[in-house]
């Protein structure tokens with residue numbers, strides 16, 4: 001599971017900017033999460049100009065359930 005303490009709301013859909021994140025997971029799930037984040041970074045790095053809505057969901061990338069969805073998005077302008 002991933003937990004966090006909110007700093008402020010950043011979207012009209014309720015997305016929060018977090019000031020702290022806690023990850024409670026097995027070693028296998030931590031490795032899956034780390035691999036997913038590295039793959040997303042590599043994809044962003046190779047795209048010349050990612051669109052404003054570029055994002056990847058861990059649920060689409062790994063086979064095992066990590067108990068929540070993790071989304072990596074392109075940084076804003």
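The values are calculated or read from the model by the stated rules, or taken from the named source; none is laboratory data. In this text, all values refer to a predicted model and were calculated from it rather than measured experimentally. Please note: Cβ atoms are built from the backbone with ideal geometry, for glycine as well, and neighbour counts cover all protein chains shown.
Worth a mention:
- Identity of the residue in the stretch 36-77, in a helix (DSSP H, G or I) and touching a helix residue (DSSP H, G or I) at 6+ places or on another chain (Cβ under 7 Å), that ends up nearest to residue 8 (Cα to Cα): 58
- Considering residues of the stretch 4-21 that are surrounded by 11 or more Cβ atoms within 10 Å (Cβ to Cβ) and touching a residue at least 12 places away in the same chain (Cβ under 8 Å) only, the residue farthest from the chain's Cα centre (by Cα): 7
- Test: residue 33 is surrounded by 12 or more Cβ atoms within 10 Å (Cβ to Cβ), touching a strand residue (DSSP E or B) at 6+ places or on another chain (Cβ under 8 Å) and outside any helix (DSSP H, G or I): no
- Top-ranked residue in the stretch 37-63 [being modelled with pLDDT under 90 and closer than 15 Å to residue 2 by Cβ; ranked as surrounded by the most Cβ atoms within 10 Å (Cβ to Cβ)]: 58
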